[in-house]
Each structure stands twice: as structure tokens, then as C-alpha cells.
Amino acid sequence: PISNFQHWAVAGIAPEQTSLEEDTVPLGAYEARNGAGDIGYAGPCPPASSTHTYVVTVHYLGSSTNLTDGVAASELVDGIAAAELASVEVEGTFSRG
């Protein structure tokens, strides 16, 4: 099921950025606290013998959120919603045996 756990929330990525290097945050970007309360990415890890659906949303913003590293993910999501011009989502499933 889709939950409200935030695995990663990052903003400030330049529109020209076409890829992200593993374990890096692009210059000028900032991260919110994830659902575990840490700054950064918390990968998928559903309980054994279960399948979870994950949603990745990319937002195109018309203005800055004026937030910085360490804000709550919910605060960043609200800031993104206020500045959003467009967005796209992709869903995937992940399971552990």
C-alpha cells in the first residue's frame, strides 16, 4: 500500500540536471528529513514476504521554496506544492522474499 513515509525529499535541483550521482546531492540542492527523521535517502525495505508500492514524483517549480537542509519532509512538500508549475509521477513495486 502507498503510505506517507518519505524516503527522500530534495529540492533546488537545477532544471538542467539530467542525472544524479549515487550518494550525492547536486550543488545548490537541499534535503529534508526523511520518514526516519534523518537527512538523506532511506531506501525501500518492506517487511519480509510483502510488496510495497513506491511513488517517485518530480516537480517543476516556478520559484524557490526558500527552505534549507533539515526541514521536515512535510514542510518541504508544502513548499513545493506552493511553488509547483508541473509534476510527473512514476510508481513501482518492491518486495522482499
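The values are calculated or read from the model by the stated rules, or taken from the named source; none is laboratory data. Just so it is clear, the structure is predicted and the values come from calculations on it, not from any experiment. A quick note on method: Cβ atoms are made from the backbone with ideal geometry, for glycine too, and the neighbour counts reach across all protein chains shown. The area values use the complete protein model at the heavy-atom level, side chains included, leaving out ligands, DNA and RNA. Shrake-Rupley method; radii C 1.70, N 1.55, O 1.52, S 1.80 Å.
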**Message:** Counting only protein heavy atoms and a 1.4 Å probe, tell me what percentage of the chain's accessible area is made up of carbon and sulfur.
**Reply:** 52 percent
**Prompt:** Can you give the charge dipole size of the chain about its Cα centre, rounded to the nearest 20 debye, using +1 on the beta carbon of Lys and Arg and -1 on the beta carbon of Asp and Glu?
**Reply:** 280 debye
**Prompt:** Computed from these coordinates, which is Cα extents along the principal axes in Å: [x] 43, 28, 18; [y] 42, 26, 25; [z] 36, 31, 26?
**Reply:** [y]
**Message:** Spelling out what I want: for every residue of region 88-97, take phi, set θ = phi - 60°, compute 6.51 cos²θ - 1.76 cosθ + 1.60 (Karplus), and round to whole Hz; glycine and proline get x.
**Reply:** 9, 10, 9, 10, x, 10, 9, 9, 10, x
**Asked** Hey, how many Å between the Cα centroid of region 54-71 and the Cα centroid of region 1-43?
**Response** 9 Å
**region 1-63: relative contact order as a whole-number percent, Cα under 8 Å and 6+ apart** = 38 percent
**Request:** Only residues of region 49-72 count here: report those whose backbone N is under 15 Å from the spot 7 Å along Cα→Cβ of residue 86, or say none.
**Result:** 58-63
**Prompt:** Once phi is turned into θ = phi - 60°, what whole-Hz ³J(HN,Hα) does the Karplus curve with 6.51, -1.76 and 1.60 give for every residue of region 50-56, x standing for Gly and Pro?
**Reply:** 9, 10, 10, 9, 10, 10, 10
**Fill in**
Per the rule of 0.36 nm per residue minus the C-alpha distance, extending residue 95 to residue 50 adds in nm 15.6 nm
**Prompt:** In square angstrom, what is the accessible area per residue of the chain with a 1.4 angstrom probe?
**Reply:** 68 Å²
**Fill in**
Computed from the beta carbon distance with a Förster radius of 25 Å, FRET efficiency for residue 68 and residue 19 to the nearest 0.05 stands at 0.55
**Prompt:** If exposed GluC sites (Glu not before Pro) are those in a DSSP loop with at most 13 other Cβ within 10 Å, what is the longest stretch of the chain that has none?
**Reply:** 23-97
**Complete:** Charge dipole of the chain built from unit charges on the beta carbon (Lys, Arg +1; Asp, Glu -1), centred at mean Cα; most positive-end Cα among 54, 79, 34 is 54
**Message:** Residue by residue through region 14-25, what is 3J(HN,Hα) from phi via Karplus (6.51 cos²θ - 1.76 cosθ + 1.60, θ = phi - 60°)? Round to whole Hz and write x for glycine and proline.
**Reply:** 4, x, 6, 5, 9, 7, 10, 6, 4, 6, 9, 10
**Request:** Please give the calculated 222 nm ellipticity per residue for the chain, where each DSSP H segment of at least 4 residues contributes -39500 (n - 2.57) and the sum is spread over every residue; nearest 500 deg cm²/dmol?
**Result:** -3500 deg cm²/dmol
